[in-house]
Each structure stands twice: as structure tokens, then as C-alpha cells.
1. Between 102, 49, 35, which gets the highest mean-square fluctuation from a Gaussian network model of the chain, Cα cutoff 10 Å?
2. Between residue 47 and residue 25, what FRET efficiency follows from the Cβ-Cβ distance if R0 is 22 Å, with the result rounded to 0.05?
3. Report, in deg cm²/dmol and to the nearest 500, the calculated mean residue ellipticity at 222 nm for the chain, where each DSSP H run with n ≥ 4 adds -39500 (n - 2.57) and the sum is divided by the residue count.
4. Once you've got the GNM for the chain with C-alpha springs shorter than 10 Å, pick whichever of 19, 46, 88 has the biggest mean-square fluctuation.
5. Working out 0.36 nm times the residue gap between residue 67 and residue 108, then minus their Cα-Cα distance, what length gain in nm do you get to one decimal?
6. Using square roots of five times the C-alpha gyration tensor eigenvalues, list the equivalent-ellipsoid semi-axes of the chain in whole Å, biggest first.
7. Any chance you could run the full-extension gain for residue 116 through residue 37? It's 0.36 nm times the residue separation minus the Cα-Cα distance, nm to one decimal.
């Protein structure tokens, strides 16, 4: 995971002192001169800089989407075994309701915006970016 892919407030996973993965939020991103690279600080690690290799993205899941959004519609495609789940979201910037579509099947799960299949999201921080840029006031709580 690259620090350049992150924004303040993004959800990530870090290892605690016992080696367990825990959920944390990005509080700072900056250049660390002694490493000659970018580092991040998270809320739980305080003033300690973490290397990119010490953070991991959090996979999006249908359960997480169900917890934060309401399904408008769902169906299975005729060809193949792909299930689609449509979640309606209100965007002030995009003017009205638009759909997030969870695609599930064929050994791949991802989220996309209904009218733009080029934007595929697999991780929570990617969804957080779309929500922020669309001025959708929705906090993802893990």
C-alpha cells in the first residue's frame, strides 16, 4: 500500500504490539527524512511514523456495505454466476441519487459506481475517497 494512495481519515490496518491486525485511521502523511520516503501516522500509533509496508488496506465486503447503506435492488446475471447488489446513495455534488453496485462472483468481489464501471473499489479507503469527493456525508465505521 502506498502512502500516496491515502488521505487523512482513511481506514487502514496496522499491527499492534502483539502482532494482531487492528483497524486504525490515518492522522498524518509526510516525508520522513531518515527513510528518504513517505510515512504515515495513525491515531493509535501517536507520534510514531509507520512505513508503507507496516500498513495494509481493509477489504470491502458486502456485510460492511449492508451496515452502512440500503439495498435498492439485487439480481443475478443470466450468464455466469455474478450477483449485483445496488445501494442507493444521495450525492450533493452529483445531484440526486446514484447507485453503488457490489459485484460478487467469479472469484472477484468489488464495488463500482453504476454509470462508471472504470472505477472499481476493493478497499474501504477507496470508497471513503469516492464519498468525500462526491460530498456524501457518510462515515464508515468498522
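Please treat every number below as a calculation from the coordinates, not as lab data. If you're wondering where the values come from, they're calculated on a predicted model, not measured in any experiment. Cβ: placed from backbone, ideal geometry, glycine included. Neighbour counts: every protein chain shown.
1. 35
2. On the way: r = 15 Å, r/R0 = 0.69.
That gives a FRET efficiency of 0.90.
3. For the chain, the value works out to -3500 deg cm²/dmol.
4. Top of the fluctuation ranking is 19.
5. Stretched fully, the residue 67-residue 108 segment lengthens by 12.7 nm.
6. Calculated on Cα positions only, the semi-axes equal 31, 17, 13 Å.
7. Here the segment from residue 116 to residue 37 would lengthen by 25.1 nm.
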